[in-house]
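Everything on this sheet refers to the single structure shown next.
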């Protein structure tokens, strides 16, 4: 059953498992963990780091099939809401990331056909949730992952690189995990952070609800001749939202990240089309405000769907991040929801451990589920509604939504509420998201 | 399992005990009401012990060096957290079955707890003493409160504390804790509690005082049906807890 992959880099500082053993690794004494996080992306690492910082007595492992350093080379960028930024600060990694983070200081939302010469602006706000605290940042994934990894290692989290989880059995008092290289690991709790197609979620028998949009998100980086001044734009075009998100300028000049929604077949056609043709189409939507534009690197199209797990927990098992909820990127909330999972799960486990409770017990984990599931469903449903509402060109509906946005724009308190929600600063936020330590 | 197989206990018995242990510790099983009830008690007890003995609840094993007795420990729902927090725990239960179940589960959890099938009276007569004595849901089942509390009180070291949790003898308790919990909701088996054996707070306080203990705090534990959660309150009409201390020498 188990695949042998001994040549893959799988360093382990200490412990019974000897990765360098020529044979018999599968028969060696099992590794002992309190918590194993399967999946070494930013959500998995933030969960592990949050736990380890608050409870150094817990043995925390992160296992990922990707080779060491792969996540630090991730070329994508993410919108980090203020709450997630506070979390990165409390985890002690923000200072490392900050030089490469671009603050979003202004946000503009329009609703238009792409041929409209001038797009009426319906919602604007200067993006600050407090003095000197922008409501969001654009952060490159690579350096963020690198900083989380370094901090987690420093805190004593143990990484198993290049080796994923093959299978697991849950017993009364623990989970017996078989790693892909045949080694065994015993843990009190298994956390699945293995993405929207989570294999562990399926193995745990957790079902999902899925909506497919028939749309894809085209993602690319655009170079432009004029500075963006920290301004983000979201245009609700008939085919779907088109977002321009400001990135930190580098030695090659000004740049922004594009998230561009189209029907699946149109998106595929566009990314496979000739570069020049793609740029023409892009310019038509992007406008000329930022001067001359040029696509940097290759554009990629990602099919959009909303996947929600029916349960977030089982005995000794919890889902975090996209494994629990893969949401439409329209509101830019995937990462932020994932960080909220990490913060909530870490807090629930730390509290349980400080009470001498069994950290893998179902009634402990249900506190996490209660905290996160409704919130996730709400956000998933509202982004879904938002997308359905905006991805069409039906006249009366346009008028209605424009009036709606116009009203929101004119009511400071309502707007404040929306901005606060988008920034992730609701009152029930876990401690890490409020910038506190657990 | 393999260790149990080497002892003289026959395998069928072990099998039965592990089934019972699984039942005791299943938050969705027969003891669900206890699992729902436990966190609020646990938090209160932990905080009170930490405050009394000046321990940092953020430390990995804050109760290291404290000796604690859990009377009527059942399957060990309170003994195990206390042991994880570092206390040296003696769990006592009059039921030998409960003790076997608790032993089996603590071994599975990798915890060291001194479980004994015995009574508070026997422990007291053997001269055992503790920093903390937990007396949870026991006094409503004993026949002579004053004698029982005297014996328990004798085991509390000077400067130590005893916590008692029980049910008040009020019409409200008859309605909620007996008719409601046993007959209507069937949270507990019928006959678990007899109304006449329930203890009023002032009766308990008198017994504590007779045993040389001073009542520090008295609080209610009430159920919120909307949140399906138990919480602390000032309403001691049904479930309540009393914290008492033995003055230091």
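Structure data summary
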{"read-out": "Length gained when the stretch residue A:202-residue A:150 is fully extended (0.36 nm per residue, less Cα-Cα span)", "value": "15.6 nm"}
{"read-out": "Calculated FRET efficiency for the pair residue B:23/residue A:229, C-beta based, R₀ 60 Å, to 0.05", "value": "0.40"}
{"read-out": "Rg/Rh ratio calculated on Cα atoms of the stretch B:1-128 (Kirkwood radius)", "value": "0.99"}
{"read-out": "Whole-number percent relative contact order across chain B, with pairs defined as alpha carbons under 8 Å at least 6 apart", "value": "16 percent"}
{"read-out": "Cα convex hull of the stretch B:96-196, projected area averaged across orientations, nm²", "value": "8.2 nm²"}
{"read-out": "Burial ordering of B:234, A:256, A:305, A:71, fewest other beta-carbon atoms within 10 Å first", "value": "B:234, A:305, A:71, A:256"}
{"read-out": "Chain B - mean residue ellipticity at 222 nm from DSSP helices (-39,500 (n - 2.57) per run, n ≥ 4, rounded to 500)", "value": "-10500 deg cm²/dmol"}
{"read-out": "Inverse mean reciprocal Cα-Cα distance (Kirkwood Rh) of chain B, Å", "value": "18.7 Å"}
{"read-out": "Mean projected area (nm²) of the alpha-carbon convex hull when the stretch B:155-249 is viewed from all directions", "value": "6.8 nm²"}
{"read-out": "For a label point 7 Å along the Cα-to-beta-carbon line of residue B:249, residues of the stretch B:144-188 with backbone N under 12 Å", "value": "B:157-159"}
{"read-out": "Potential lengthening between residue A:288 and residue A:305 on full extension [0.36 nm per residue; Cα-Cα distance subtracted]", "value": "3.0 nm"}
{"read-out": "Residue B:216 versus residue B:233: modelled label distance in nm, points set 7 Å from Cα along the beta carbon direction", "value": "2.5 nm"}
{"read-out": "Rounded D (µm²/s) - the stretch A:152-308, Kirkwood Rh over Cα pairs, Stokes-Einstein at 25 °C, 0.890 mPa s", "value": "128 µm²/s"}
{"read-out": "Ranked list, fewest to most other Cβ atoms within 10 Å of each Cβ, for A:260, A:94", "value": "A:94, A:260"}
{"read-out": "Within a Gaussian network of chain B (alpha carbon springs, distance under 10 Å), most fluctuating of B:161, B:179, B:149", "value": "B:179"}
{"read-out": "Cut-off 11 Å, label 7 Å out along Cα→Cβ of residue B:169, residues of the stretch B:193-225 by amide N", "value": "B:195-204"}
{"read-out": "Order of A:292, B:100 - criterion: other Cβ atoms within 10 Å of each residue's Cβ, fewest first", "value": "A:292, B:100"}
{"read-out": "Debye log10 I(q)/I(0) for the stretch A:251-365, one point scatterer per Cα, at q = 0.13, 0.17 Å⁻¹", "value": "-0.70, -0.90"}
{"read-out": "Paramagnetic reach from residue B:194 (point 7 Å along Cα→Cβ, amide N under 19 Å) across the stretch B:100-144", "value": "B:137-144"}
{"read-out": "Inter-label distance for residue A:89 and residue B:226, nm, one decimal - labels placed 7 Å from Cα along Cα-to-Cβ", "value": "3.5 nm"}
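Bear in mind these aren't lab numbers, they're just calculated from the coordinates by the rules spelled out. Fair warning: this is a prediction, and the values are worked out from it, not measured in the lab. Virtual Cβ from ideal backbone geometry, glycine too; neighbours counted across all protein chains shown.
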